[in-house]
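Presented below is the structure to which this report refers.
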Amino acid sequence: MIATPDANARWRRMFLILGGILVAYALLAPLTSLEAAQSANVPLLADRLWFRIATYIAMFIVLASAWNIIGGIAGYAAFGNVAFFGIGAYTTGMLIAKAKWPFLAALPLAPVVAAAFAAVVGLPLLRLRGHYFAVASLGVGVAVGELVQNIDYAGQPVFGGATGLFLPIYSIENRGLFFFYLMVLAAALAVAVTWLVLRSRFGYGLIAIRENEEAAAVIGVNTTAYKVAAFTLAAALTGLTGGIFSQWNVFINQDNTFPIEYNVQMILMALLGGTGTVFGPAAGAVLLQLLIQFLGGTLPISFEIPFVSENARPIVAQVILGVLLVVVVLFVPRGVIEFFGGRARFSLAYLRRSLRETSL
C-alpha cells in the first residue's frame, strides 16, 4: 500500500519535528553540566557517560556520511575506509606526540594526508568494480593497519608498534564538552558536504556512475576523475574524524584506529538510514549506535536478558542486532528516512516488493 501525498507530508513534518527536538536536546543537554548551570540549580541532563556515547554517535555520523559519498552516491561499496580513519588518527597523533605540535595545528593535516593517500591508491583501486573493488579496498584497510604497527627504524617502532602511541592530554576546561562539540561540528560538516554534493554537477555525475557507469562515460562524465574525487572527499572527512579521535582518546593503536568492525558499522548505518540520501547515514548512525550501546549494557537504561549469563550477553546482543537489521532491510530496503518520509507502509505487498528489490 502506497501512502497518499497528504500522508507523505504529515510523515515528513512529524519526522522533521521529532528530529529537531532530538537534535536540540542532544546539543543543549550537555550545557547543563557547566558550573554556571549547576550553580543556577539547572537539572543535570547529561553526565560523562552520555558525553562519551554522544561523541561516539557524532563520530559515526561522520564515518557513515563519508562512506555514503563513495558507497551510496557513487555506488562503489568500499570496505576499507577505516584506513583513512587510522591515517588521520596517526597523522595527528605523531605530530602531537613526536613533533610536539599543538592539537589545533596538527588536526588540519589529518584530512589532507588521508585524502592524499586516497588519491594515490584510488587511481588503481577504482578501476575494479563490484566485489573485486570491495575485497581490494578491505585489503588496503587491513594492510595499512599492519604497516603502521610493524614499521621499524633502527630497531624502534616508528608509530609505537604494538604498544601504541600515547598523546599528552589536551588541557582545556570542560574537555569532554570541547571534544563533543568538535565532533558535532565534524558531523555537521559531513552532512553539509553530502547535501552540497547531491545538489551539484559532481553529485549528478556520481549518481550517473552508480546507475550505469558505461552510459555515464558516453554522456561525457569523466568517470575515473569523479570516482577518485569522491573517494578522496570521503577519505578527508574520515581522516578528520580520526584526528579528533586521537586527541580525544589520548591513546591510539592498531586495535582502536583500524578496527574492521568500523568498516561494517559505517556501512550498516548508511544502509539502515538510507544510502544516497543526505540525512539517512546520520539517522542510521544514531539508531544503530544507540542500539549497540543498549544491547551491550552500556546505557543506564539497559535490560537483563533472561537465561543468558553476563559473559554470553555480547553474543546474544549481536544476534538480536542481526535479526533487527534483517527485519529493517526486508521492510525498508532504502532506509528509515524513506519509510518515515511516508513513501510506504508495512504491508504484504510492500514486503514482496522489498524482497524483489533486495534479491539477486
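Each value in this text was obtained by applying a stated rule to the coordinates, not by laboratory testing. Source: prediction; values computed, not measured. Neighbour counts run over all protein chains shown; Cβ positions are idealised from the backbone, glycine included.
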Ranked packing of 36-45, 185-194, most packed first, by mean Cβ within 10 Å: 185-194, 36-45
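Where the only charges are on Cβ atoms (+1 Lys, Arg; -1 Asp, Glu), what is the dipole of the range 43-282 about its Cα centre, to the nearest 20 debye? Don't jump to the answer; show the numbers that get you there.
Details: 11 positive and 9 negative charges, 72 e Å.
Taking the Cα centre of the range 43-282 as origin, the dipole is about 340 debye.
Can you give me the relative contact order of the range 122-267 as a percent, contacts being Cα pairs under 8 Å and 6 or more apart?
Details: 93 pairs, mean separation 53.4, N = 146.
Once divided by the residue count of the range 122-267, the mean separation gives 37 percent.
Order these peptides, 275-281, 218-224, by their mean beta-carbon neighbour count within 10 angstrom, highest first.
Ranking the peptides 275-281, 218-224 by packing returns 275-281, 218-224.
At a 10 angstrom cut-off on C-beta neighbours, averaged per residue, how do the peptides 129-138, 99-108, 225-234 rank from highest to lowest?
Working: 129-138: 15.5, 99-108: 13.9, 225-234: 22.5.
Descending packing order for the listed peptides: 225-234, 129-138, 99-108.
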